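*Asks:* Submitted below is the structure of interest, expressed as structure tokens.
The values are calculated or read from the model by the stated rules, or taken from the named source; none is laboratory data. No experiment lies behind these values; they were computed from the predicted model shown. Glycine also receives a Cβ, built like all others from the backbone with ideal geometry; neighbour counts cover every protein chain displayed. When the accessible area is computed, the model is the full protein with side chains, heavy atoms only, and any ligands, DNA or RNA have been set aside. Shrake-Rupley method; radii C 1.70, N 1.55, O 1.52, S 1.80 Å.
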Amino acid sequence: METEIVYAEEEMAHEAISKAVRLLDDGEVVALPTETVYGLGANALDADAVAKVFAAKERPSFDPLIIHLATRESIHDYCEISPELNEVVQKLIQEFWPGPLTMVLPKKGIIPDIVTSGLPTVAVRMSAHPIMQDICQAFGKPIAAPSANRFGRISPTSAGAVLKELEGKIPLIVDGGACNAGIESTIVRVEVGKSRPELHLLRAGPVVKEDLQKIGKVIRPKKLTERARKALLEKQGEEGLNKPEAPGMLESHYAPSTPLYVFDKPEEFQPEEGMSYALLSYRGQAKDGYMELHDWDVVEELSPGKGKLGEAAVRLFHVLRMLDESGVDAIVAEPVAETGLGVAINDRLRRASQR
Ligand code: AMP
Ligand code: MG
């Protein structure tokens, strides 16, 4: 299959949108721009179309997809929301939609099981990217869209990166420019709670804990203890362990092909004789302890000089790709400040790292 890229800027937008909608109507998959990363979209109400997303990405069927809505109101068409739950859902929508917040809510029967991997809940969001919004509106049905990369690999933040991941496997990439948040959406499972609403943080992202705390109690799912992990493995095998509701799973993710290491302290880095190393530095400053630790073969900075977490997030996957292609034997990534958006950036770095 030949993969076409269509530009969706200015006067090209109309044609790009109609092409995408035509393919979605025909049950095909299309790569689409969002403000977080590029998504691989299909008609969320058509199980056969959604199956093509899993096939193109080589994604295991136990990893559910996010559905993208055209309007805030349509959430009630796809989610079963009690009046008590609706109070908190509406607050989250008012505050963060359209935007990079995904809510996990009880699903309605109209959503096929393949979308949710058989879970009774569905992950929903409304993108702030104008082209994605236009496509959702013109299509008129929810679009199931995970990140447009092969499973476990680095998420794409440009049309070119999608092409590298999925060329020949999908018919169309809609090029809507570079993604301006740069990392995947924040995911919360929303619950009414006893005294305050509970927001179970399933994935850290651009909407940070400090923002969410205004609406409810932010709860980080506990990691499985080694005993619980073994019990689950015995009972359900790898699949059980990897269900996203088994917290802390899918730990290896967003990975470049080149081995990547994240250390708690710079001194833990012990270079091996004859190996070439790249440094993924936060802001390129010696005082952070990494720049002068080694005679690095390649150095890339996430936020040169300044150490701005927003800039670091936008550049993260792009820079990871560059280092992956630079031909070094291994990458050492310096963690960023563990506050605000830094939590999500460090989360992606740790998941990309060798354990
Ligand atoms: P991606 O689309 O690649 O960003 O991945 C979507 C992620 O959303 C999955 O890997 C899951 O972790 C999460 N997710 C989707 N649906 C659910 C759900 N019903 N419950 C919990 N997590 C979900
Ligand atoms: Mg993904």
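*Asks:* Might you work out the accessible area of residue 150 for me, using a 1.4 Å probe with all protein chains in place, and round it to the nearest 10 Å²?
*Replies:* Per-residue accessible area (residue 150): approximately 80 Å².
*Asks:* Semi-axes of the equivalent ellipsoid for segment 18-169, please: Cα gyration tensor eigenvalues, times 5, square-rooted, ordered largest first, whole Å.
*Replies:* Semi-axes from the Cα gyration tensor: 24, 17, 14 Å.
*Asks:* Could I have the simple spin-label model distance between residue 294 and residue 51, label points 7 Å from Cα toward Cβ, reported in nm to one decimal?
*Replies:* 4.6
*Asks:* What does the helix-only formula give at 222 nm for the chain: each DSSP H stretch with n ≥ 4 adding -39500 (n - 2.57), the total divided by the residues, and the result rounded to the nearest 500 deg cm²/dmol?
*Replies:* Computed ellipticity for the chain at 222 nm equals -9500 deg cm²/dmol.
*Asks:* Moving on to the next point. For the chain, what is the accessible area per residue in Å² when the probe is 1.4 Å?
*Replies:* For the chain, the solvent-accessible area averages 45 Å² per residue.
*Asks:* How large is the Kirkwood hydrodynamic radius of segment 43-93, counting all unique pairs of alpha carbons, in Å?
*Replies:* In segment 43-93 this quantity evaluates to 13.0 Å.
*Asks:* Accessible area of segment 89-152 with a 1.4 Å probe: how many percent of it is carbon plus sulfur?
*Replies:* About 52 percent, which is the carbon plus sulfur part of the accessible surface.
*Asks:* How are the Cα pair distances of segment 115-158 distributed, in percent, across 10 Å bins from 0?
*Replies:* Computed distribution, short to long bins: 21, 43, 34, 2.
*Asks:* What helices does the chain have that are whole DSSP H segments, at least 20 Å long along their own axis by Cα, and with mean Kyte-Doolittle hydropathy of 0.0 or more?
*Replies:* Helices passing the filter in the chain: 309-324.
*Asks:* Next up: Would you mind putting 32-40, 119-127 in packing order, based on average other-beta-carbon counts within 10 Å, highest first?
*Replies:* Put in order of decreasing packing, that is 32-40, 119-127.
*Asks:* For segment 291-342, what is the Kirkwood hydrodynamic radius in Å, using each pair of distinct C-alpha atoms?
*Replies:* For segment 291-342, inverting the mean 1/r across all distinct Cα pairs yields 12.0 Å.
*Asks:* Turning to a different aspect of this structure: Tell me the Kirkwood hydrodynamic radius of segment 83-171 in angstroms, computed as one over the mean inverse distance between distinct C-alpha pairs.
*Replies:* When all Cα pairs of segment 83-171 are included, the Kirkwood radius is 15.2 Å.
*Asks:* Two decimals is fine: what's Rg over Rh for segment 146-189, C-alpha atoms, Kirkwood radius as Rh?
*Replies:* 0.98
*Asks:* Hey, another quick one. Let me check something: with ligands and nucleic acids excluded, how do 296, 97 order by accessible area (1.4 Å probe), largest to smallest?
*Replies:* 296, 97
*Asks:* Under a GNM of the chain (C-alpha, springs under 10 Å), which listed residue has the highest mean-square fluctuation: 200, 14, 68?
*Replies:* Comparing 200, 14, 68 in the GNM, the peak value goes to 14.
*Asks:* Sorted from largest to smallest, which semi-axis lengths in Å does the alpha carbon gyration tensor of the chain give for its equivalent ellipsoid, taking the root of 5 times each eigenvalue?
*Replies:* Value: 32, 25, 20 Å, ordered largest first.
*Asks:* Using the beta-carbon distance between residue 22 and residue 71 and R0 = 25 Å, what value does 1/(1 + (r/R0)^6) give for FRET efficiency, to the nearest 0.05?
*Replies:* Plugging the Cβ-Cβ distance into 1/(1 + (r/R0)^6) gives 0.70.
*Asks:* Let me ask something else about it. Compute the signed sum of charges (Lys and Arg +1, Asp and Glu -1) over the other residues within less than 10 Å, Cβ to Cβ, of residue 67.
*Replies:* Charge balance in the 10 Å sphere: +3.
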